[in-house]
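Single-structure report; data block below.
Laboratory data are not the source of any read-out in this text; all were calculated from the coordinates shown. Fair warning: this is a prediction, and the values are worked out from it, not measured in the lab. Cβ atoms come from the backbone with ideal geometry, glycine included; neighbour counts cover every protein chain shown.
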Amino acid sequence: MEKKSSLLQFTMTYGLILGIALIIFSLVLYMLDVLPSNMKKIMLTSIVNIALMVVLVVMGSRAYRDKVLGGTITYGNAFLTGLLIVIFSSIITGFYTLIFNSIIDPEYMDRVFEATKNWTADYLNNMGLPDSQIDQSLERIEKQQANYNALKAFFTGIAWSAVFGVIVSLITSAFVKKNPNPVA
């Protein structure tokens with residue numbers, strides 16, 4: 001007799017796959033020395049992260065629908081499936097980020113903040129802003145740098161991922177849901 005996977009087992013598996021994919025992407029960026037220090041790089045990395053998330057949420061939700069639920073899933077169940085996949089992946093990537101920023105490369109965030117300050121100063125200077133406004137912007141970045149805490153970033157990252165997971169799951173569920181045929 002074949003044992004059916006529970007929702008938690010299924011979403012943990014796809015959450016692990018998504019988490020590993022996001023970690024691999026992060027490591028590739030790190031090895032290529034790509035710092036998320038300007039809008040172009042931030043947007044590009046965000047687009048790739050979002051694409052990975054959408055693809056794996058859809059794949060996981062469809063697989064759960066087809067393999068466990070017999071080919072049908074309500075919008076609510078599809079939403080829950082997608083959200084759990086994102087939450088599990090955010091916990092995995094959160095732990096990776098915590099370990100990375102605390103043990104593997106504790107100076108990484110300082111380099112990110114420095115690159116961000118340099119880019120911001122150049123960008124605002126090229127826009128013709130007065131030095132006083134540029135200094136205010138750089139002071140805000142320095143304040144963020146002084147207040148950075150890897151453990152706080154861990155919890156903040158999970159919270160934002162959950163919020164983003166809600167948005168992604170609300171959208172992808174519309175495409176994944178498949179109600180049973182009322183005639184059959």
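Report the calculated FRET efficiency for MET31 and ASP66 (r = Cβ-Cβ distance, R0 = 35 Å), to the nearest 0.05.
The calculated FRET efficiency here is 0.45.
Report the charge-dipole magnitude of the chain in Debye, nearest 20, computed about the Cα centre from +1 at each Lys and Arg Cβ and -1 at each Asp and Glu Cβ.
1100 debye
Before rounding to the nearest 500, sum -39500 (n - 2.57) across all DSSP H runs of length at least 4 in the chain and divide by the residue total; then give [θ] at 222 nm in deg cm²/dmol.
Rounded to the nearest 500, it is -27000 deg cm²/dmol.
How far, in nm, would the chain grow between LYS152 and TYR108 when pulled straight, counting 0.36 nm per residue and subtracting the alpha carbon separation?
14.2 nm
Most fluctuating residue of LEU98, LEU170, LEU27 in a GNM of the chain with Cα springs under 10 Å: which is it?
LEU27
Taking a spot 7 Å from the Cα of ILE20 along the direction of its beta carbon, which residues of the range 142-160 have an amide N less than 12 Å from it?
Backbone N within reach: none found.
With the chain treated as a Gaussian network of Cα nodes joined by springs under 10 Å, which of ALA51, ALA162, ALA21 yields the largest mean-square fluctuation?
Largest GNM mean-square fluctuation: ALA51.
Hey, if you drop one equal point scatterer on each alpha-carbon of the range 7-176 and run the Debye formula without solvent, what base-10 log of I(q)/I(0) do you get at q = 0.09, 0.10, 0.15, 0.20 Å⁻¹?
Normalising to I(0) and taking log10 leaves -0.39, -0.47, -0.87, -1.24.
Pick out the long, greasy-scoring helices in the chain: whole DSSP H runs spanning 15 Å or more along their own axis by Cα, mean Kyte-Doolittle at least -0.5.
Qualifying helices: 7-31, 39-67, 75-99, 150-176.
So the label point goes 7 Å from the Cα of GLN145 along Cα→C-beta, right? Which residues of the range 101-132 then have their backbone N under 17 Å from it?
106-125
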